[in-house]
1. Sort 425-435, 228-238, 408-418 for me by packing, meaning the mean count of neighbouring Cβ atoms within 10 Å per residue, highest on top.
2. Mind running the shape call on the range 303-352? Use the C-alpha gyration tensor, a ≥ b ≥ c as the square roots of the eigenvalues: rounded below 1.5 for a/c, prolate if a/b tops b/c, oblate otherwise.
3. Taking every pair of alpha-carbon atoms in the range 122-185, what share in percent sits in each 5 Å bin, from 0 to the bin with the longest distance?
4. For the chain, what does the relative contact order come out to in percent, with C-alpha contacts under 8 Å and a separation of six or more?
5. Could you derive backbone 3J(HN,Hα) for the range 61-73 from the dihedral phi with the Karplus parameters 6.51, -1.76 and 1.60 (θ = phi - 60°), listing whole Hz in sequence and x where the residue is Gly or Pro?
6. Applying a 10 Å radius around every beta-carbon, put 256-266, 101-111 in order of their mean neighbour count, most first.
7. Residues of the chain: accessible area per residue at 1.4 Å, in Å²?
8. Which shape class, rounded, prolate or oblate, goes with the chain when its Cα gyration tensor gives a ≥ b ≥ c as root eigenvalues, a/c under 1.5 marks rounded, and past that a/b bigger than b/c marks prolate?
Amino acid sequence: MAQLLRGWGRTAPSFGRLVRPEDAQALTELLATRPSDGPQGGQPAGGLIARGLGRSYGDAAQSGGGIVVDTAGFDSIGPVDPETGIVEVGSGVSLDELIARSLPLGWFVSVSPGTRWVTVGGAIAADVHGKNHHRDGGFCSHVTSLTLATPTGTRVVGPDTDAELFWATAGGMGLTGVITGATLRLTGVETSWMVVDTERFAVLDDLMAVMDASDASYRYSVAWVDFSPGHRGFGRAVLTRGDHATAGALGPARRERAVEVPHAPRLRVPVLAPRWLVNPATVRAFNEVIFRRSPRRRPGALQPLASFFHPLDVVADWNLLYGAPGFVQYQFVVGAAQAEAVHRTAAMLQAARVSCSLAVLKRFGPGDPGPLSFPMEGWTLALDFPAGQERLPALLDQLDQLVASVGGRVYLAKDARLSPELLAVMYPAVGKLADVRRRVDPDGLLGSDLTRRLGLSGAPRE
């Protein structure tokens, strides 16, 4: 029976048949039999795609008229090597589960996105990034091998064994197969605390100058920016940078609880909020509170690991606060020499008078070689917009053109609207993905709403 599936932004729902294989053999049979759900050669009309916890913001983990493979059954976590931090995990394991298992042993995930409620398989398929990309790269830079079930068989690949397939899978949005497991390299830590420097800025120029000059001195760095249009504080920001605290940095009271596993969400949004809840006035008020509560300058503060990495995880289902229309997160990256694109984006936001509920700015280091991997060295800006705003579609189209014109790209894991014409401009190596697919998916079984919209689904052509 078809099931309605949505991304985290709730803007592009579709009906697909959700299947949860009991084991690797069941998945192999599913990939081999190609159930007749569609008109072409017995293949499902929408293709087959894997899905973890549904935290892709757009339509990457759903397939209208097709088959969606729930990876929850691949939930094993092996022992963590005490010397190297190497661990084998199933693709359905969440980062929350992995952190809960590894943190008491002195290890933490080497790259964590803004939520720990994503699966390992999803983190690889999107090659997720964190606040430390400028120092440590993306998630897949810390994957030593992965197990991939494809329509032509299951194989174990790594950057040193079939590098072409490995990197096509890293950020490949599920188009090379269903990831069932991976071997990860964790980062050693002594505590579950962070040593954090916080600094406020009145204008965007000053923030970016400081980040450009000193981010390399910190392992983790992220800036919140107030992009409330028409507000006197437009462009002000709070920069937060830090590193893992050593046991010696903790006082006696904290030393007794030096390692604490992050708690489950303390709050929950039980139902869809009314659509008027997130509006320009409430957004301005929220941003005012964030800015005023942040210190002008505070070095060396101790902060729990969970609140530093995953502040939104304290509220379960927070996406429901945007109501029935949902929200759009638009994230782009431009090269280090194209910082002016960030300023032009700010000017466009101000001119369009579109409500932006959250803006986050980070710096990236060199990207991974995957054809669809998002990060590249430079600046990345993520913007949250309540959906349903009249001027929003035109603004996003303008941003697409700006980003493409300076050699940047948008993040496909958060996209639900990019045009196929701009895909090849933003991802010029996308043709390499087609070459790999001819080998592992010659009949074009694999596909999602996103890949079909962008012209990436269907049988690869000669």
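1. Working: 425-435: 16.0, 228-238: 18.5, 408-418: 24.0.
Peptide ranking by packing, descending: 408-418, 228-238, 425-435.
2. On the way: a/c = 3.14, a/b = 1.43, b/c = 2.19.
Oblate is the answer for the range 303-352, as a/c is 1.5 or above yet b/c matches or exceeds a/b.
3. 4, 20, 32, 26, 12, 5, 1, 1
4. On the way: 1101 pairs, mean separation 85.3, N = 462.
With pairs under 8 Å counted, the relative contact order is 18 percent.
5. Running phi through 6.51 cos²θ - 1.76 cosθ + 1.60 with θ = phi - 60° gives 10, 8, 8, x, x, x, 10, 10, 8, 6, 8, 4, x Hz.
6. Working: 256-266: 13.3, 101-111: 19.7.
The packing order, highest mean first, is 101-111, 256-266.
7. I get 40 Å² per residue for this part.
8. Numbers: a/c = 1.63, a/b = 1.23, b/c = 1.32.
Cα axes put the chain in the oblate bin.
The values are calculated or read from the model by the stated rules, or taken from the named source; none is laboratory data. Since this is a predicted model, take the numbers as computed values, not measurements. Don't worry about glycine lacking a Cβ; one is built from the backbone with ideal geometry, like all the others, and counts go over all protein chains shown. All accessible areas refer to the heavy atoms of the entire protein, side chains included, with ligands and DNA or RNA removed. Shrake-Rupley method; radii C 1.70, N 1.55, O 1.52, S 1.80 Å.
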